[in-house]
Structures are given as structure tokens and as C-alpha cells.
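I have placed the structure first, in the form of C-alpha cells, so that the comments after it can refer back to it.
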Amino acid sequence: MKLQQDIDIFAEEIDPEVRESVYGTSKLKISKRADILSKDFEDANVVRKMAGLVKQHTIENLPKYLAQAEESFTRNGVVVHWAADGEEANQIVLDIMKKRNARKVVKSKSMVTEETHLVPFLEKNGMEAVETDLGEYIVQIDGDTPSHIVTPIIHKNRRQVGRSFEREGLGPYSEDPETLTNMARVHLRQKYLDADVGITGANFVVAESGRIAIVTNEGNARFSMAATKTHIAMVGIEKLVPRDEDLGLMLSILSRSSTGQRITVYTQFISGPKVEAQEEGPEEMHVIFLDNGRSDVLASDCREILRCIRCGACLNTCPVYRQTSGHAYRAVYPGPVGSVLSPLINRHGFAPLADLPKASSLCGACQEVCPVNIPIPDLLVRLRNKGKTEEAERASINTPGFGVWAMAASSPSIWKSGLTMGNALNWVPKALLSVEPSARSWQKTRDLPEFKGGDFRAWLKERKRGKQ
Ligand code: SF4
């Protein structure tokens, strides 16, 4: 009840323009998704379940498929790196750039690089890093953060974008989408041509062939790779699928669930740097596999969340997300997927984001639309339990009584004297021992057990003596 009130208050405080943008766009996407799935599949649930099984099989056998992927990439001439966390992944990118005397980067949309805060890191280290996805570019020039995993500026409208472009000198104010897109196109084309390095994520990584699949609706991933000499793909370790033929299923369910399209406009399959016969393309290619807490998720009872293919459908359908927008979740991954994933991979631990699993009415809409059939409501309940258990443990650790007990228990001599003196408690009137009112009422119907401290030690001592 309290949580629902908090959500209502938060939602009321959101700029009405933002609320309208988020609500309208997510509603439109979810209805396009439903239309296309019902037109194209006799039973979309069968397809969702099949895709879920493929991904579940992959994560259950992740070490095997990661080793296979590394072997395949290496065979294709790709350099494979492993990063335990975001800092390590960012440092690998920086080291590659320094080695190539590179200074300029163009980057296509990638949630994993949002997770590692790659662009601010590169800028801090003297590099020029430009987001080339239109939405991400607007987020960058506004000093904002994405509020949706597929549509980063779902919280903005074209009037706000027009004002940002005018401020940045891209052209005179306009709110015509085509004019705005052209302004960005002219500006970004030159950035591609000037860049030394192209950075992408990957929607899928195929273990058997060492091929990555990237989908965009703007072609910016293709430009980022084609125009630069070095291509770096940073990917989460869960992005694998075993075989090339799995891509057919995955790509078709991804685009339909995400934007209601049969296929995303640009679909790139990349299996290495350019070969001699190719005139253009990167001369070297690196793949950075990022863990960043995913191994721990894999070992947990919420491992199903690693099936996620980042389609954003659960955000679009979630009544809480639609009201509050993505920034309310205080994490890179918002919405139902974020309520599970963000607290689990948070570098400051579970506790700071333990409230997120409660930001759900558990209506089940997220699971119904999920293309890989993740039981999100079940996972949310498991995480609520986890939060409650951890909270209770913290509370007991923080009570003064527990502190005294911990001190005594960690010192053998104090512990021994306590056991000896503890026997004296049996002679103290019971009523005097109950200082807490609740303990007093508890004792009205129960007796305190007799203190037997020290008996075991005395027995052991006797036994040892007997054996000598
Ligand atoms: S949890 Fe499912 S619906 Fe949500 S983003 Fe991931 S794949 Fe899409």
C-alpha cells in the first residue's frame, strides 16, 4: 500500500510531457507487438517458449559455449578479451585505443556500455566518444541518461529534441521529425569519417561460428564498423546462442516483441575483421566478454533473467513503468527486467536497490509478453524474500545485544568465563531477567530453560583425563 502511494506520488511529480511521451509510446509499441504476433504466428506462445528453452539451455551450459565462442572467434582472427567488471572492460577499450594511437570513437547503441559507463570513462581519459544512435546522441548532448533499453529517449518529445539541436548548433529550431533527423545525419556522418575506433554491443553471439548479430533501425552500427579501422564489440557473457540457425528464431521474436517490426531495418552479421578481398571494413576486431555480476546471477535462483534478449516489451506493458518512466528505477536497466537484474548486478550490492522488486503489482503482464518466457513475477517474489531476509539479518547484527554476543563469542577467554558465570543465572528470579515488556508477556506462559553452559567443556575435560 505504502509502495503504491510512493509510486503515485512519484508519477504525479513527473513532467506531464514526459508522462505523456512514455505512456503513449509504450502503449503503441505493445499494441503493434500484439498485432504482428497474432498475424504471423498461429500460437506465439509456442514460439516464446521455444526461444526461452534455447536461451535456458545456453545459460545452463554457459562455460561450454563461452569456450566454444572464444575458439571460433580466434579462428576468425578476432581478439577475445575477458572482463570481470565494468572497470576492467573500460580499461581494455582504453588500452586498445592507446596501442593504436586512437583518439576518436563512434559508438552504436549498447546497454552493456551504459552499464560500464564507457563514454564518460573515455572522455575522462582524453578521448572523444560520440554516441551515434539518434536517441543515445540526444541523451549525450543533454547530459541525460536513457530511460528505456530500446528507446532511450522515450521520455522526450520532438519539441524538446528541437530545442536541444538548436542549442548545440545543429540547425535552427524545428519540430519536424524529418528535419531533425537530417540535422543529426549531417552532424554524425562527419563523426564516422573522423573516427579511429567503432564500438558496438551485440544482440547475439553465436558460439559455433564466432559470429555476432547486431540489429539497428538507423544503420549506425554498420557505419561505426565500416568507417573505422578497429571494431570493438563489448558483450555480456549471457548473449550467446549455440548455433547460427538459432538466430532465425531469436531475430524474428526480438524485432516483433521490441518494435512490432517483422525484421529490424539493419541486421549485421559479423564474424571477424575484413578479409583481403574486401575494400572497406575494420582491420582488427576485438570482442570483450563482460561478466560484471552475471556469474553470481547464474549461481542464484534468479538465473532465468539471463535469458533476456533486451527487447523492452516488459517495460512497454508494465503499468508501473508506464506511470513512472525509466529514471524512477535509478539503474541502467529499468522496468520489470531491471527490477530483477539491476539489484543483482549492482556493484554496491543488493541492498541499495532492494526496493525495486517491490515496484510491481505482480500482474504478470511482463511474463506474458516476454519473448523468452522469463517468469519475471516469480523472480520478483524471490527477490522480495531475499530483501526481507537480508534486512532481518542486518537488523539482528545491528542490535546492541548481538554486538556484545559477537564480542564474547570471538574471544575464547571471555566465552569461557561467561559459561562459568552463566550458571549463576539459574539462581536469579526469572522476573528480573525479563526487562523487555514483550519478553515478560512471553514468559507468562513459558519457562526459561535452565542454563547449562560449561557442561560440555567439563565433560570433555573429564573424558580426556580418563584417556590419559
Ligand atoms: S525480460 Fe523479456 S520482455 Fe523484458 S526485456 Fe528481457 S526479453 Fe524483453
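Please treat every number below as a calculation from the coordinates, not as lab data. Keep in mind that what you see is a predicted model, and the values were worked out from it rather than measured. For neighbour counting, all protein chains shown are included, and Cβ atoms are generated from backbone atoms with ideal geometry for every residue, glycine included.
Tabulated data
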read-out	value
Percent of Cα pairs exceeding the 17 Å cut-off, where the set is region 134-263	66 percent
Residues 107, 358, 39, sorted so that the one with the fewest Cβ neighbours within 10 Å comes first	39, 358, 107
Extent along principal axes [Cα atoms of region 47-296; Å; largest to smallest]	54, 44, 40
Computed Kirkwood radius, in angstrom, where 1/r is averaged over Cα pairs of the chain	25.3 Å
Relative contact order (%) - criterion: Cα under 8 Å, at least six apart; region: the chain	19 percent
Per-residue Cβ neighbour rank within 10 angstrom, fewest leading, 224, 417	417, 224
Phi-based couplings in Hz for region 188-198 (Karplus 6.51, -1.76, 1.60; Gly and Pro marked x)	6, 3, 5, 4, 4, 5, 7, 6, 9, 10, x
Cα centre as origin, Lys/Arg/Asp/Glu Cβ charges: the chain dipole, Debye	1940 debye
The chain: calculated mean residue ellipticity at 222 nm from DSSP helix runs of at least 4, using -39500 (n - 2.57)	-16500 deg cm²/dmol
Total lysine pairs whose alpha carbons fall under 21 Å of each other in region 61-149 (8 or more apart, or interchain)	7
Neighbour-count order for 111, 234, fewest beta carbons within 10 angstrom listed first	111, 234
Cysteines (scope the chain) whose Cβ has no counterpart Cys Cβ under 4.7 Å	302, 308, 311, 318, 363, 370
